[in-house]
Amino acid sequence: MKKYDYKKVEKKWQKFWEKNKPFRAEDGNKKEKYYYLVEFPYPSGEGLHVGHVRSYTALDIMARKKRIQGFNVLYPIGWDAFGLPAENYAIKTGKHPKKVTEENVKVYKNQIQSLGISFDWDREINTTDPEYYKWTQWIFLQLYKKGLAYKKKMPINWCPSCKIGLANEEVVDGKCERCDAEAEKKEMEQWMLKITEYADRLIEDLETVDYLDKIKTQQINWIGRSEGSDIDFEVKDFDDRIKVFTTRPDTLFGATFMVLSPEHELVNKITTSKQEKEVIKYQEQAGKKSDLERTELQKEKTGVFTGAYAINPVNKKKIPIWIADYVLASYGYGAIMAVPAHDQRDFEFANKYKLEIEQVISPMFIDDINPPQEGFDEVCRDTVLAFVRDKKTKKYALLDWHGTLDGITTTVMGGIDDGEDPEKAARKELAEEAGLENVTLIKKSNWITEAKYCASHKKENRHAKAHAFLFEVENLDKQKEIPEKEQKIHTLYWVKEDEVEGKLVPPHQKFVWQQILEETALTQGGHLMNSGKYDGMNVGECIENITKWLDKQNLGKKATNYHLRDWVFSRQHYWGEPIPMVYCEVCGWVPLKEEDLPLELPMVEKYLPTDTGESPLASIEDWVKTTCPKCKGKARRETDTMPNWAGSSWYFLRYIDPKNTEQFADMDKLKYWTPVDLYNGGMEHTTLHLLYSRFWHKFLYDQGLVPTSEPYQRRVSHGMILAPDNQKMSKSRGNVINPDEIVNEYGADTLRIYEMFMGPYDQPVSWDTNGLRGVKKFLDKVWASRDKQNKQDSKEVVALLHKTIQKVTEDIDKMHFNTAVSAMMIFVNKIQETGCTKETFEKFIILLSPFAPHLAEELFSALGEKGSVAEQSWPSFDKSKVASEQIEIPVQVNGKIRDKLSVSADISEAELKKLALDSEKVQKFLEGKKPKKVIYVKGRLLSIVV
RNA sequence: GCCUCGGUGGCGGAAUUGGUAGACGCGCUGGACUUAAAAUCCAGUGGUUGUAUAAACCGUGCCGGUUCGAUUCCGGCCCGAGGCACCA
């Protein structure tokens, strides 16, 4: 028999596909559509990565299967070709980025085609094509017209060595990606997109889509919405007010000073002449610091007093105003009210500069235990046990409280427990004391011991939890009773599930909390104290009431803040889409007319940015000089270009109608194809690309330009492929696996299946060349199996075939490719042994065809069939055929397997029981006793309890 | 510090409405074929004990719980990976 010549066969079918275009998606088709999308690659000089192969193959398998199942599938590809590497290469070599990009695209295209990925090449797009970026510019103009694009002076990352503005992504560890010089901050006018206007919808609409949970949470965290209040503070002796944002308006009575960021606009105005020198010096220092330094130096807070005072609106107290760089200019209003007792950062700052600390929240609260709370055991209501550990001696003691909790009587019970595991001892103690079956001590921290137990009653099987926060206990070693005054027990409350609310019980609170405040701020909830009429309220109530009051006084109102910032849309680079705006001395910023798009990138001589930090375009005088579209007067073009997130924010729409010259895509076609049913991409794009494109899409939706408010129905993410040494593949490490070499040595089908078989699709895996050989062996076995034809299939083979069909079909849908491959291996191992009919084998080939399309096509035609595997229909399975007649039932005695009985599948329970009890092996373990209970799980197992 | 995910043989991993833990593949060991090697094929392969083709015990990060039965459910802890991070 001839050996399978993968090189020849793969070429043959690739040519066939190129010529016959069986993977073309058809517009206006009556069939149900399916849109699969992979992130289009940046065609770098390094060529395709094995990571690309993993995701392209995975979706290729799904697309091929869906086509065989009769769907109209759109699976397109294109090139995200604007970007820095091409420009850097141009700077080095003088070769035009366009040229470089063209060459790289060619390489990529060849590589992808050599893998047999079923992309619809008729829809290939390229973001650097003027016919494409015409529409990127057009969308920008729409954003501008709706007020969502604006120009703003803001600090950008600046590389003093390259003399160029850097995008955040180009700053790695605070350094310039290209030259390793430390990046600085520089104020520059930048185009911004108001993504923050969509922040709420970007969170809320996540509920309507099917993304992996980790993607959703990452997006939510990135947007970082927090609810709170804006509060105005009057500045003493000035008419100005300082506005702050806080999530804890309840702590307002504890606001003992204010802190402004060094960049705050009021700083210079309010600073007293006495403090002026110091303040200016501090501002200068802060300005010089890069982001890196600011965050690195977070251990020690620094700041300067301005000499000015503000008035706390609730108690009219005069509080000092400081500046410090731990307050960020870019979040909220760049100013805070400092509540040192209840905020860790303010606490540290206050301690350092000896500022007043006023406690206004008492975390001491306790539930009313009488009458009993629903869900709590009697025992749990009046017994709490926890540990205390002596700070000096590091020894443990047990504490036990009895009686009602507001008149706590405390006795030291277990005494010092030297050496013995305190957890175990405590558990034992409590178990005995409280008559509980078991008790688990849950948490203990350094010198504050936090204990929590969960207990359950044997009979009722109910759970109850309690917390006991304990301080070190003095005179522990003497084991004497601790006088009530000296008890440093400060918190004790019952919790039901996650609820942490209760009523205030105030004994010893001052004493206790002064102790703890020496070390840390009290950031947890509790009840108000030292807060006038709000005393005794819990945090939630207080926030509600105090906000109402502030609103009435016109001093504050509810507010929401986000970590998400507006999108900096300007880049001082050449190789990007020109921003279609001109600056007219008379009219200001004026957009180009839509009919003048695209605004094409002009040819330049030098790609290096100018000394002023402007893009290379700025040096092309005759391009920059233009006339104002509005007044026809003198005007200058914007020389910044768009970031490369621009073209990728809407590319999936262009695939739908790639050649349309009238609009970015036709509405009817959009209605048919959107949304993308499945979008695959890396986790690294979760917070940038994915968020940006959702934002653009929502904007287009609001303008009535697309039919859906979300672009992607489902988003999945592939795990990274690591090098055999478990490291990230990188040129510098020299551990990169080149897919071309693998295709050459093992064939594309082997590479495809290997990458699917390596491990779960969504998890990282490391490369193992030996695994590749195993897959090759499997495909050779498949090829050899075509000679093992029988006239009839055994029942066993029929059952296995149906099982395999079911497994493969379901696993592809679930993206469990590794187990699908495993199922096919099992099938082939079987028919290698026994052979099968031609019909059975052909069904198997169809199952295999999405994974190994070349081999499948070749086998299909070698079996004398005409046409392509892709034109067949997907095999169906019959569950009734999967079940075999003889089954093996394990028999357990007291939970351990003692025997296995081979019986017919339809055996009755009584019969099986008899068989089992008669079994010698089972008898042995019954030891003559009578079984208490016999449990039969149909078709699975029999369990005997003695 | 916060958020998310994970921890199963020598390795990648399989098994979840709780029901035979280790499928499939790699590697390793032994054998067949060969002058030899590669390739291929056959057998074995979690650990300990063992009368070693019988059988028993242990075993899914750790400690407990629920259950006839837990990798799976519950409580806590430890370790690892990723993301965010002076966000008021």
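The values are calculated or read from the model by the stated rules, or taken from the named source; none is laboratory data. Just so we're clear, the structure is a prediction, and the values are computed from it rather than from any experiment. No Cβ is skipped: glycine too gets one built from the backbone with ideal geometry, and neighbour counts run over all protein chains shown. Each accessible area value is taken on the protein alone, full model and side chains, heavy atoms only, with ligands, DNA and RNA left out. Shrake-Rupley method; radii C 1.70, N 1.55, O 1.52, S 1.80 Å.
By per-residue mean of other Cβ atoms within 10 Å, what is the highest-first order of A:543-550, A:576-583, A:317-324, A:721-728?
A:576-583, A:317-324, A:543-550, A:721-728
What's the carbon and sulfur percent of the range A:572-687's accessible surface, probe 1.4 angstrom, rounded to a whole number?
Its accessible area is 50 percent carbon and sulfur atoms.
Given a Förster distance of 45 Å, report the FRET efficiency between A:ASP918 and A:GLU810 from their Cβ-Cβ distance, rounded to the nearest 0.05.
So, using R0 = 45 Å, E works out to roughly 0.70.
Extending each Cα 7 Å along its Cβ direction at A:GLN113 and A:LYS625, get the distance between those two points in nm, one decimal.
For A:GLN113 paired with A:LYS625, the spin-label model returns 4.7 nm.
Can you tell me the FRET efficiency between A:PHE16 and A:GLU204 if r is taken as the Cβ-Cβ distance and R0 is 45 Å, rounded to the nearest 0.05?
0.40
I need the calculated FRET efficiency for the pair A:ASP551 and A:ILE826, taking r as the beta carbon distance and R₀ as 51 Å, to the nearest 0.05.
0.15
By how many nm would the segment from A:GLU662 to A:LYS632 lengthen if fully extended, with 0.36 nm per residue of separation less the alpha-carbon distance?
Here the segment from A:GLU662 to A:LYS632 would lengthen by 8.2 nm.
Per residue, how many Å² of accessible area does the range A:719-862 show with a 1.4 Å probe?
42
For a protection proxy built on the mean count of beta-carbon atoms within 10 angstrom, sort A:112-119, A:614-621, A:253-260 highest first, please.
Ranked from most to least packed, the peptides come out as A:253-260, A:112-119, A:614-621.
Heavy atoms only, probe 1.4 Å: what % of the accessible area of the range A:57-144 goes to carbon and sulfur, would you let me know?
Answer for the range A:57-144 is 50 percent, counting heavy atoms of protein chains only.
Give the relative contact order (percent, whole number) for the range A:519-585; include only Cα pairs under 8 Å separated by 6+ residues.
It comes to 14 percent, rounded to a whole number.
Working out 0.36 nm times the residue gap between A:GLU833 and A:GLU585, then minus their Cα-Cα distance, what length gain in nm do you get to one decimal?
This chain segment gains 80.8 nm when fully extended.
To the nearest Å, what is the center-to-center distance of the range A:755-814 and the range A:568-597, using C-alpha atoms only?
That distance is 55 Å.
For the pair A:GLN789 and A:GLU187, how long in nm is the line joining their label points, each one 7 Å along Cα→Cβ?
The two pseudo-label positions are separated by 8.3 nm.
So, by mean Cβ neighbours within 10 angstrom, what's the order for A:875-882, A:529-536, A:742-749 with the highest one leading?
Per-residue mean Cβ counts within 10 Å order the peptides as A:742-749, A:529-536, A:875-882.
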